[in-house]
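Below you'll find the structure, written out as structure tokens, and then a few comments.
What follows draws every value from the coordinates through simple rules; no lab data is involved. This structure is a prediction, so every number in the text was calculated from the model and none was measured. Backbone-built Cβ (ideal geometry, glycine too); neighbour counts: all protein chains shown.
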Amino acid sequence: MAIRTYERGVENEALACGTGSIAAALITSCKAKWQSPINLLTRSGESLTIYFKKDGNIFSDIYLEGDARIIYSAQLGEDAWKP
């Protein structure tokens, strides 16, 4: 399943969103009766896999598997630590 997510506050489309991906997978499980694991293709082109246990409409043991990358690094100057 392909997914696109919009990030409020940034006011733009996100390349991937863990929370949105999990929500989409659980709703798809309820509406379309898909079972765990559910594979999602994000706007970045990367795949995320959502695992969960389902008992009726109760979900548990939910986790997300996917690539993790450092996309930015920075250093705080000493003056950033002063109140």
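Within the option set 70, 62, 50, being hydrophobic (A, V, I, L, M, F, W, C), in a loop (DSSP other than H, G, I, E, B) and either more than 11 Å from the chain's Cα centre (by Cα) or closer than 20 Å to residue 21 by Cβ (or both) holds for one residue only, 70.
Within the stretch 8-23, being more than 17 Å from residue 45 (Cα to Cα), of a type in the set (A, V, I, L, M) and in a loop (DSSP other than H, G, I, E, B) holds for one residue alone: 10.
A quick yes/no check of all residues on (1) closer than 21 Å to residue 68 by Cβ; (2) in a loop (DSSP other than H, G, I, E, B); (3) without any contact (Cβ under 8 Å) to a residue 24 or more places away in the chain:
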| site | (1), (2), (3) |
| --- | --- |
| 6 | no, no, yes |
| 25 | yes, no, no |
| 35 | no, yes, yes |
| 44 | yes, yes, no |
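Hey, could you check the stretch 1-39 for residues that are touching a helix residue (DSSP H, G or I) at 6+ places or on another chain (Cβ under 8 Å) and of a type in the set (A, V, I, L, M, F, W, C) and say which is surrounded by the most Cβ atoms within 10 Å (Cβ to Cβ)? Looking at residues that are touching a helix residue (DSSP H, G or I) at 6+ places or on another chain (Cβ under 8 Å) and of a type in the set (A, V, I, L, M, F, W, C), I get 38.
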